[in-house]
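**Q** I have a structure I would like to understand better, so I am pasting it below and will then ask my questions one at a time.
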Amino acid sequence: MLFNSLEYFLFLPLVFLLYYSLPGKYRWALLLACSYYFYMCWEVNYIFLIFTSTLIDYFSAIKIEQASSKSAKKTWMFLSIASNLGILFFFKYFNFFTDTIELSLGVFNIKTAFPDFDILLPVGISFYTFQSLSYTIDVYKGESKAERHFGYFALFVSYFPQLVAGPIEKASRLIPKLKEVNPFNYDLAVSGTKLIALGLFKKTVIADRLSPYVAMVLDHPNDYQGIPVIVASVFFAFQIYCDFSGYTDIAIGSSRLLGKNLIKNFNLPYLSASFTEFWKRWHISLSSWFRDYVYIPLGGNKVSSSRHYINLFITFLVSGLWHGANFTFIFWGAMHGALVATESLFSKFKIQINFSFLKPLKIVLVFAVVLIGWVFFRAASIDDALLILKQASHIEMQQIGIYMFDASICRVEELYLSIVFISLLMIFEIAQYRMQNIGKAISQIPFALRWGFYIAIVFTIMFVGIFEKDQFIYFQF
Amino acid sequence: MRKFIIKISILLAICFSIIAFIIDAKINLLRDVNYSKYLSKHKSLIIGTSRSNFAIDPSSFSEKYDLFNFAFTAATSPFGKIYYEAIQDKITKEKGAIFLIGIDPYGLSLDKKEPIFTEEKNSLGRQFTINVNPNYEYIFKNNTPLYDRMFPAAKSNKIKHENGFTQLKDNLSEERKIEVRKIKILEYTGSSHNDTISAERLGYLEKTIEFLQQYGNVYLISVPVSPELFAIQEKYWPQRYQYIEGLKKKYKIQYINMQINFPNPKTIDYVHLELEQSKVVSDFLSRKIDSLEASFAHTHITSSPK
């Protein structure tokens, strides 16, 4: 059940009405049943997988807490980590791992043949595995108490708004929210509804509109060069942003309708003036997870400078691998690791030029480099990514205005619409960047104008939006 | 909470009203040729794949049958749970109906390696309502973005009819036709290699016959295809006639094999008939059904106890 499907827009109001009509003590059971149903809509059998992870982590955490010796605590934590990562490894990385070994040994003329499993990656496995994993680690570190109520814990792992693509929440934050028997909160519900509308706008009006152009050009790098490749790359940057942040907006909005606010996952990332800032604004919950469970355990910045840069690099490398079993993701992670480490190095030398007029330039520069990263992220292989970059460099001036809007790639009307809607989104985001609280500003607009704006947004989604075509990009991770 | 629900309802009602107004005003411009198949129940049905969809025009048949073309494509309407349940919902369940079931081997097949019922993911499989006019569920699920589908810029080669029949325009050049026919041969050769006749699909064909027989006479039909394609399908399913003979005996139904009457029909792509040819085939089938219905009525009258 996709967030942009009619089914979801029957499911969500039904959950909403049932939730508030039930007595507080039964609400968790309703949410758990709805969350399992939501997950089973993709593939019924994978419910056993999420249930297994839940069982392992539920008992591991209790055992960790009950264990009297440090070594016993460690044993239970490793059991939890090994089983969670084992499941993740099997479903996500096994074929990549064996293929890489076969390829490496092949260089030395050693022939091996590992079995190749034709398995479907369970939707959201990386997200709920990491969320569940953080819980047992927190219990081990004494930062969180083991949850004794199995129902609440199962709901923490499977809570439907954030189950398949985050935001990744910490148990210490989400479980208390799930336990709260909150009365209906009008302001939270209104802000949630607005977020759902914004998310749908990003996904159906922008991301899915850009998708055919991006696929046509970037999937066939031999057939296009120059401007269309650059346009497709820029479009992909907006496609992935609108797809993923749109998903997150709907997730947070849905949860707010149930009176539970989830953490922010995006904060105008394409308006970042540095790579470090970009990672504080893009997929914030994952960046925080890697900071807390990879970067800090490695020593963080409380080590020598050189080790600090290595820590940064390793963290981003692992983050790249988290995204997928492909060298393109590893390269993408390594590239960002190198950029953030380099920035950190320069900040040590206090090389900072703070002229306000330079900020827009810095934003454009960061966006351009992020764009190159997205090319690797999107490409099927490193060779393809390099080919796309090579093809993009073959710019001929006569292409501007002709091939840029090549009707053989995509209908011209669709391209104009894409550009108009991206521009509108950017104007909205820049206004948000400057005002900080755009929601408050909108609420102060005169009633008729404000309602006109809301109607225009919903009407645009219904009339211009593309439904039921593409899954959300981050579901594959 | 009441204030919130009222406000949201008003907002959505305004937006839906605007959309409904546009849809109602411009419904005839909707490019989707299958839309008319999701609007209302009918007494009699034409069932099958694209061969029947593009070949049999209900307007050639007597109005008393209220015949409707409910055939889609081999991907959307092969025999299976989805199509069977849709057929059950689609008929008015009045007595005296006729049901023309197109027998197409590729609508009875499954992939050998991955025997998955892919029609579940197609329009009919995803649809909850098939007898609602206007059908907003269908429009939103299959025709987005709406602005584009209702103001078509591209010229379609298909013309929709309210009786469910889809008319194919012969607007291909001879060179393009040769190209398209080559592709079709490759497609069907590939399918014949990769697919196999499915026992489960055959089971659903029989369940469909059993269900429909409660309301009228069932006729199995073969829509003619080009000799080139006919040869491929004969090789793919050589037991076809034996199987159909079995069905005829078991259910006491008639089989009208129009391949015999039209061994070399005029087709656009070897599979789908040209408009003129579809008219000839529909008229032929209509006369045949009328005579068979008349003979059934005669048998019924003469065999009735006096």
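Since every read-out is calculated from the coordinates, none of them should be taken as a lab result. In this text, all values refer to a predicted model and were calculated from it rather than measured experimentally. Here Cβ is always computed from backbone atoms with ideal geometry, including for glycine, and neighbour counts include all displayed protein chains.
**Q** List the DSSP H helices in chain A whose Cα atoms stretch 18 Å or more along the helix axis and whose mean Kyte-Doolittle hydropathy is at least 1.6.
**A** Values: long enough: A:8-21 (19 Å, 1.81); A:27-40 (20 Å, 0.86); A:46-66 (30 Å, 0.97); A:70-88 (27 Å, 0.48); A:94-107 (20 Å, 0.83); A:125-141 (24 Å, 0.24); A:186-200 (21 Å, 1.10); A:227-257 (44 Å, 1.10); A:305-323 (28 Å, 0.53); A:327-348 (31 Å, 0.89); A:358-378 (30 Å, 1.91); A:412-435 (34 Å, 1.25); A:447-464 (25 Å, 1.92).
Qualifying helices: A:8-21, A:358-378, A:447-464.
**Q** Which value in deg cm²/dmol, rounded to the nearest 500, describes the helix-derived mean residue ellipticity at 222 nm for the protein assembly as shown, given -39,500 (n - 2.57) per DSSP H run of n ≥ 4 and division by the residue count?
**A** Numbers: 32 runs with 454 residues, N = 783.
Calculated from helices alone, the mean residue ellipticity at 222 nm is -19000 deg cm²/dmol.
**Q** Of all trypsin sites (Lys or Arg not before Pro) in the range B:154-207, which ones are in loop regions per DSSP and have a Cβ with at most 12 other Cβ atoms within 10 Å?
**A** Listed in order of number, the matching sites are B:Lys155.
**Q** Below 8 Å, C-alpha to C-alpha, sequence gap of six or more: please give me the relative contact order for the range A:129-250 in percent.
**A** 28
**Q** Something else: Could you list log10 I(q)/I(0) for the range B:161-306 at q = 0.10, 0.15 Å⁻¹, which the Debye formula gives when each Cα is one point scatterer?
**A** Once normalised to I(0) and log-transformed, intensities are -0.46, -0.98.
**Q** Going 7 Å from the Cα of B:Ala297 toward and past its Cβ, which residues in the range B:27-65 have a backbone nitrogen under 11 Å from where you end up?
**A** B:64-65
**Q** Got a sec to turn the phi values of the range B:213-224 into Karplus ³J(HN,Hα) couplings, 6.51 cos²θ - 1.76 cosθ + 1.60 with θ = phi - 60°, whole Hz, x for Gly and Pro?
**A** Karplus-based 3J(HN,Hα) across the range B:213-224 equals 4, 5, 10, x, 8, 9, 10, 8, 9, 10, 7, x Hz.
**Q** Also, I was wondering about something else. Return the FRET efficiency for the residue pair A:Phe9, B:Gln259: r is the Cβ-Cβ distance, R0 is 41 Å, and the value is rounded to the nearest 0.05.
**A** After rounding, the FRET efficiency stands at 0.30.
**Q** For peptide B:7-15, how many partner chain Cβ atoms fall within 10 Å of a residue's Cβ, on average?
**A** Averaged over the peptide's residues, the number is 4.
**Q** Shape call for the range B:117-230 from the C-alpha gyration tensor, a ≥ b ≥ c root eigenvalues: rounded (a/c under 1.5), prolate (a/b greater than b/c) or oblate?
**A** Judged from the Cα gyration tensor, the range B:117-230 comes out oblate (a/c at least 1.5, b/c at or above a/b).
**Q** Order these peptides, A:182-194, A:281-293, A:439-451, by their mean beta-carbon neighbour count within 10 angstrom, highest first.
**A** Answer by packing, highest mean first, reads A:281-293, A:182-194, A:439-451.
**Q** Here is a follow-up. Antiparallel versus total DSSP beta bridges in the protein assembly as shown: what percent is that, nearest 5?
**A** Here the antiparallel bridges make up roughly 30 percent for the protein assembly as shown.
**Q** Separation between the A:Tyr37 and A:Leu105 pseudo-spin-labels, each 7 Å from Cα along Cα→Cβ, expressed in nm?
**A** According to this spin-label approximation, the distance is 4.9 nm.
**Q** Another question about this same structure. Provide the descending list of Cα extents for the range A:1-116 along its principal axes, expressed in whole angstroms.
**A** For the range A:1-116, the Cα spread along each principal axis is 67, 48, 18 Å.
**Q** What is the helix-to-structure angle for B:174-194, meaning the angle in degrees between its Cα long axis and the longest Cα principal axis of chain B, kept from 0 to 90 and rounded to the nearest 10?
**A** It is inclined by approximately 80 degrees.
**Q** Would you order A:Cys34, A:Cys41, A:Cys242 from fewest to most other beta-carbon atoms within 10 Å of each residue's own beta-carbon? Provide the component values of the computation, followed by the final result.
**A** Values: A:Cys34 21, A:Cys41 16, A:Cys242 26.
So the residues, fewest neighbours to most, are A:Cys41, A:Cys34, A:Cys242.
**Q** Counting only other chains, and only Cβ atoms inside 10 Å, what mean value do you get across the residues of B:141-149?
**A** 6
**Q** Here is a follow-up. Search the structure for amide H atoms under 5 Å from the amide H of A:Phe467, placed 1.01 Å from N in the peptide plane, and list their residues when 5 or more places away or on another chain.
**A** Under 5 Å from the amide H of A:Phe467 lie the amide H atoms of B:Thr144, each far enough along the sequence or on another chain.
**Q** Before anything else, pin down the relative contact order of the range A:83-191: Cα pairs under 8 Å, at least 6 apart, normalised by residue count, whole percent.
**A** Relative CO of the range A:83-191 lands at 25 percent.
**Q** Can you return the lysines within cross-link range of B:Lys113? Criterion is Cα-Cα under 25 Å, with same-chain partners fewer than 8 residues away left out.
**A** The reachable lysines, counting only those whose Cα sits under 25 Å from B:Lys113, are A:Lys92, B:Lys81, B:Lys121, B:Lys184, B:Lys235.
**Q** Still on this structure: Give me the angle, in degrees from 0 to 90, between the Cα long axis of helix B:199-212 and the longest principal axis of the Cα atoms of chain B, rounded to the nearest 10.
**A** Its long axis makes an angle of about 80 degrees.
**Q** Do me a favour and compute the ellipsoid semi-axes for chain B from its Cα gyration tensor, root of five times each eigenvalue, largest one first, whole Å.
**A** Those come to 34, 25, 20 Å.
**Q** Here's a follow-up. Roughly how far apart, in whole Å, are the Cα centres of the range B:50-68 and the range B:155-190?
**A** Going from one Cα centre to the other spans 19 Å.
**Q** To continue, here is another question. For the range A:1-65 and the range A:195-212, compute the distance between their C-alpha centroids and round to whole Å.
**A** Using only Cα atoms to place each centre, the spacing works out to 25 Å.
**Q** Along each of its three principal axes, how wide is the spread of alpha-carbon positions in the range A:296-367, in whole angstrom units, largest first?
**A** 41, 29, 14
**Q** About the Cα centre of the range B:14-141, what is the dipole size in debye to 20, counting +1 per Lys and Arg Cβ and -1 per Asp and Glu Cβ, all else neutral? Write down the numbers at each step before the final one.
**A** On the way: 16 positive and 14 negative charges, 12 e Å.
Magnitude of the dipole: close to 60 debye.
**Q** Can you give the FRET efficiency for A:Arg434 and A:Glu413, using 1/(1 + (r/R0)^6), R0 = 51 Å, r = Cβ-Cβ distance, to the nearest 0.05? Please report the intermediate quantities before stating the final value.
**A** Working: r = 32 Å, r/R0 = 0.63.
Efficiency computed from Cβ-Cβ geometry: 0.95.
**Q** With +1 assigned to the C-beta of every Lys and Arg and -1 to the C-beta of every Asp and Glu, and no other charges, what is the dipole magnitude of the protein assembly as shown about the Cα centre in debye, to the nearest 20?
**A** Once rounded to the nearest 20, the dipole reads 2400 debye.
**Q** Right, here's the next one. Anyone know which of B:Ile289, B:Ile18, B:Ile244 comes out most mobile in the 10 Å Cα GNM of chain B?
**A** B:Ile18
**Q** Let me ask something else. Below 8 Å, C-alpha to C-alpha, sequence gap of six or more: please give me the relative contact order for chain A in percent.
**A** It comes to 18 percent, rounded to a whole number.
**Q** Under the rule of at least 5 residues apart or a separate chain, name every residue whose amide H is placed under 5 Å from the amide H of B:Gln254.
**A** Those qualifying (amide H under 5 Å, at least 5 residues apart or on another chain) are B:Leu220.
**Q** Still on this structure, I have one more. Which lysines have a Cα less than 19 Å from the Cα of B:Lys26, not counting those fewer than 8 places away in the same chain?
**A** Counting by Cα, and skipping residues close in sequence, B:Lys26 has these lysines nearby: B:Lys37, B:Lys141, B:Lys155, B:Lys158, B:Lys160.
**Q** Please pull out the direction-averaged projected area of the protein assembly as shown, using the convex hull of its alpha-carbon atoms, in nm² to one decimal place. Don't skip to the end; give the middle numbers.
**A** Values: hull surface 172.0 nm².
Dividing the Cα hull surface by four gives the mean projection, 43.0 nm².
**Q** Something else now. Over chain B, what is the percentage of antiparallel beta bridges among all DSSP beta bridges, to the nearest 5? Walk me through the intermediate numbers first.
**A** Values: 7 of 24 bridges.
Antiparallel: roughly 30 percent of the beta bridges in chain B.
**Q** Let me ask something else. With a point put 7 Å past each Cα toward its Cβ, work out how far B:Asn194 is from A:Lys362 in nm, to one decimal.
**A** Taking the two extended label points, one gets 5.3 nm.
**Q** Each label point is 7 Å from the Cα along the Cα-to-Cβ direction; what then is the distance between the points at A:Ile427 and B:Gln88, in nm?
**A** Taking the simple label geometry, A:Ile427 and B:Gln88 are separated by 5.4 nm.
**Q** Sorted from largest down, what three extents in whole angstroms do the Cα atoms of the range B:49-173 have along their principal axes?
**A** Projected onto its principal axes, the Cα set of the range B:49-173 covers 44, 41, 36 Å.
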